1. Which value at 222 nm does the chain reach when only helices count, each DSSP H run of 4 or more adding -39,500 (n - 2.57), with the total divided by all residues and rounded to the nearest 500 deg cm²/dmol?
2. Points 7 angstrom from Cα along the Cβ direction at Asn52 and Lys23: gap in nanometres?
3. Name the longest site-free stretch of the chain, where the excluded sites are trypsin sites (Lys or Arg not before Pro) in a DSSP loop with no more than 11 other beta-carbon atoms within 10 Å.
4. Please give the FRET efficiency for Arg59 paired with Val7, using the beta carbon to beta carbon distance and R0 = 41 Å, rounded to the nearest 0.05.
5. When only C-alpha pairs under 8 Å and at least 6 residues apart count, what is the relative contact order of the chain, in percent?
6. Along Cα→Cβ, 7 Å out, is where each label goes; now give me the distance between the ones at Arg79 and Asp44 in nm to one decimal.
7. Convert 10 °C to kelvin, take the viscosity as 1.306 mPa s, use the Kirkwood radius over C-alpha pairs of the chain as Rh, and evaluate the Stokes-Einstein diffusion coefficient in µm²/s, rounded to a whole number.
Amino acid sequence: MAIEPSVTWKAPPQPVHKGAKSKWPQIAAQLRERPGEWALIATDVSPSVAANIKAGRLRGMEAGAFDATVRANGYENRRVDVYARFVGDQP
């Protein structure tokens, strides 16, 4: 028995915006207060969060000024916990 293809004609829903305010500048400020000390800053997230922190792609976190790493946490779908630290401003 073959499944017949179907088409439903409708416009996509409006994008969901969580607001322009980002949590990253506040997290960056807290990390700056304790240079070199690791902190758990996100749980059950994509590993790309750590890469974005290192590359300076998150608001308030300049490339080279922050270090980040991930650890498996037992959640499904390859989600991780992200740890980060402030390592200093680049000259």
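1. Calculated at 222 nm, the ellipticity per residue is -5000 deg cm²/dmol.
2. 1.2 nm
3. Values: sites that count: Lys10, Lys18, Lys21, Arg78.
The answer is 22-77.
4. Working: r = 40 Å, r/R0 = 0.98.
Once rounded, the FRET efficiency stands at 0.50.
5. Details: 140 pairs, mean separation 27.1, N = 91.
Once divided by the residue count of the chain, the mean separation gives 30 percent.
6. 0.4 nm
7. Numbers: Rh = 15.4 Å.
It comes out at roughly 103 µm²/s.
Coordinate-derived values only; no laboratory data. Please read all numbers here as calculations on a predicted model, not as lab measurements. Every residue, glycine as well, gets a Cβ built from its backbone with ideal geometry; the counts of neighbours run over all protein chains shown.
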